Amino acid sequence: VISGLVDDLRSAVGADQVLVDADLRAGYEVDWTGRFRGRAAAVVRPGTTAEVAAVLRACAGHGAAVVPQGGNTGLVGGSVPLAGEVVLSLRRLGGLGEVDPLAGAVTVGAGATLAAVQAHVAPGGLAVGVDLSARDSATIGGMVATNAGGLAFVRHGPMRAQVAGLEAVLGDGRVLSHLGGLAKDNTGYDLVGLLCGSEGTLGVITAVRLRLVPLVGERTAALVGFADVGAAMGAVAGLRRAGVALEAAELMLEDGLAVVAEHLGVPSPVTAPAVLLLEWADPRSTEAVASLDGATAVAVADEPAPRARLWRHREAHTEAVNALGVPHKLDVTLPLTAVPRFVDEVRALVAEASPPSTCVLFGHAADGNLHVNVVGPPPEDDTMDDAVLRLVAERGGSISSEHGIGSAKRRWLHLSRSPTEVAAMRAIKEALDPVGVLNPNVLLP
Ligand code: FAD
Ligand code: 2HG
Ligand code: ZN
């Protein structure tokens with residue numbers, strides 16, 4: 001079966017773009033964190049939508065499961081072949097269409113990296129509404145497939161809100177195309193919205209029509225210290241009530257900043273139990289931040305280089321955690337009022353863990369989105385994952401805020417979704433992917 005499949009894949013995309021040697025496959029077989037690894041039947045690298053369709057027809061014909069892969073920066077084990085699947089890499093679909101200045105929109109290939117699109121649209125005074133620190137590798141297709149959130153969610157919402165249209169190939173090779181990108185379009189079910197956050201289970205996204213946002217060149221960033229998480233959360237709410245249009249509101253903790261400082265070899269500019277990274281564009285907001293209740297220390301920057309230096313202490317959290325060991329990453333949302341207590345409770349859980357473990361917690365304060373990183377338990381031991389996710393559910397939260405369910409969290413999907421919801425999702429999956437070739441080991445239990 002495998003050799004027949006490989007022959008058919010070679011006919012679909014050309015022999016050069018089908019990788020079967022172990023050393024060529026290796027980079028596609030392990031996730032960014034190193035926690036999830038497997039072995040691919042083959043890695044196939046189509047260069048056009050028609051080739052993606054031919055690959056899917058070949059795989060459907062052989063009953064071979066497919067894992068779509070973009071930049072492979074996903075953090076829930078959804079982009080790697082854990083059960084011998086074919087990896088379908090979209091990275092060659094990196095085309096960048098002409099920017100439409102009237103609509104403020106652009107159509108790009110699914111394999112274009114976020115950084116490439118940012119650089120492409122910036123000369124027209126435009127930007128992508130979602131930004132994340134994996135921008136040099138993460139692809140637009142992967143960001144749509146995970147409905148990525150990121151650093152600008154407070155201002156522009158998730159990836160789904162940036163998508164005006166898309167093109168995707170279904171499991172049997174049919175092409176679903178809705179790239180017109182009209183501002184208003186109530187012509188039935190929102191299939192484009194449905195593909196957003198579908199994690200490669202409903203279709204392989206090949207192109208995306210992005211609705212862009214104004215590029216805000218001049219902004220001010222500040223690190224602001226507080227005595228505790230409650231005070232920091234109150235400060236964000238206060239600024240929003242006062243009408244401050246925050247571009248970002250990120251939460252960090254003293255011990256996490258220390259891990260980052262050690263990793264970077266640069267001390268944190270602000271030391272406090274809870275630290276916010278706030279960013280805003282309107283100079284009139286500077287006064288509101290300067291007079292924040294409960295602030296114990298502040299570092300402000302408005303020139304690009306010093307601003308980037310402040311941001312480095314936030315953005316380097318993920319790589320600093322990975323440098324400690326293979327992390328268990330739990331990306332969760334809590335009701336805003338539950339955040340301070342949850343932080344204390346998680347730290348208490350990890351303090352009692354065996355083997356002794358380190359907890360690095362940070363997140364997107366305005367969204368109630370916490371990134372709970374635990375380093376210590378072996379990769380396959382999910383006792384701590386279970387305890388944290390159950391606590392999240394008890395506190396009224398969501399077990400995935402922005403990274404998705406992937407293979408990492410699918411056994412806990414029921415904590416956030418009712419049986420009726422899971423049944424509806426399963427019915428949708430069966431309707432769009434009847435043969436079940438698209439990422440069958442992801443999302444649905
Ligand atoms: P992959 O990792 O390749 O794939 C992710 C999922 O999407 C998989 O299930 C895969 O099968 C599917 N997929 C990929 N491409 C396609 C396609 N074309 N069609 C269909 N399915 C597809 N995430 C956030 O939300 N916010 C953040 O702030 C954030 N910061 C990060 C920072 C770092 C340093 C790292 C390493 C990751 C971060 N992430 C963040 C997670 C990750 O970057 C996002 O999930 C991103 O959207 C994944 O894009 P990718 O191209 O790497 O996708
Ligand atoms: C971020 O906000 C990402 O930087 C990654 O979502 C979070 O590393 C993490 O846990
Ligand atoms: Zn995040």
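Derivation of every value follows stated rules applied to the coordinates shown; laboratory data play no part. This one's a predicted model, so the numbers in the text were calculated from it and none came from an experiment. Here the Cβ positions follow ideal geometry from the backbone for every residue, glycine too, while neighbour counts run over all protein chains shown.
Couple of notes before you dig in:
- Inter-label distance, GLU345 to ARG309: 4.0 nm, where each label sits 7 Å from its Cα along the C-beta direction.
- Scattering curve values for region 268-370, log₁₀ I(q)/I(0), Debye with Cα scatterers, q = 0.17, 0.22, 0.23 Å⁻¹: -1.00, -1.42, -1.47
- Scaling against 2.2 N^0.38 Å puts the C-alpha radius of gyration of region 315-402 at 1.00.
- Kirkwood hydrodynamic radius over Cα pairs of region 222-315, then Stokes diffusion coefficient at 25 °C and 0.890 mPa s, in µm²/s: 185
- For region 195-205, 3J(HN,Hα) per residue [Karplus equation, 6.51 cos²θ - 1.76 cosθ + 1.60, θ = phi - 60°, Hz, x = Gly/Pro]: 5, 5, x, 8, 6, x, 9, 10, x, 9, 6
- Long-range HN-HN contacts of THR206 with modeled amide H, under 5 Å: GLU167, ALA168, VAL169
- Scaled against the 2.2 N^0.38 Å expected of a compact globular protein of N residues, the Cα radius of gyration of the chain reads 0.98.
- Net length gained if the chain between ALA424 and ASP282 were fully extended (0.36 nm per residue, minus Cα distance): 46.7 nm
- Burial ordering of SER177, SER416, SER79, fewest other beta-carbon atoms within 10 Å first: SER177, SER416, SER79
- Highest average first, the peptides 13-24, 207-218 ordered by how many other beta carbon atoms sit within 10 Å of their residues are 207-218, 13-24.
- Under Karplus coefficients 6.51, -1.76 and 1.60, residue-wise ³J(HN,Hα) of region 135-150 in Hz, glycine/proline x: 4, 6, 10, 4, 9, 5, x, x, 5, 5, 4, 9, 6, 4, x, x
- Exposure proxy order (Cβ contacts within 10 Å, fewest to most) of THR337, THR146: THR337, THR146
- Whole-angstrom gap from region 307-330 to region 1-53, using each part's C-alpha centre: 30
- Annotation for ARG411 and ARG37: the two label points, set 7 Å from Cα along the Cα-Cβ direction, are 2.1 nm apart.
- Put simply, when 357-365, 102-110, 387-395 are sorted by average Cβ atoms within 10 angstrom per residue, most first, you get 357-365, 102-110, 387-395.
- 3J(HN,Hα) couplings calculated from phi for region 359-372 with the Karplus curve 6.51 cos²θ - 1.76 cosθ + 1.60 (θ = phi - 60°) are, in sequence order, 10, 10, 10, 7, x, 9, 4, 5, 9, x, 9, 10, 9, 9 Hz; Gly and Pro show x.
- Relative contact order for the chain: 16 percent, from Cα pairs under 8 Å spaced at least 6 residues apart, divided by residue count.
- Given their separation in residues at 0.36 nm each and the Cα-Cα distance between them, ARG219 and ASP100 gain 40.3 nm when the chain is fully extended.
- Region 287-445: projected area of the alpha-carbon convex hull, averaged over directions, in nm²: 12.8
- Our helix-only sum for the chain, with -39,500 (n - 2.57) per DSSP H run of n ≥ 4 divided by its residues, gives a mean residue ellipticity at 222 nm of -9500 deg cm²/dmol.
- Cα-based Rg of region 72-165 normalised by 2.2 N^0.38 Å, two decimals: 1.10
- Equivalent ellipsoid dimensions for region 1-75 as semi-axes, Å, which come from the Cα gyration tensor, largest first: 21, 13, 12
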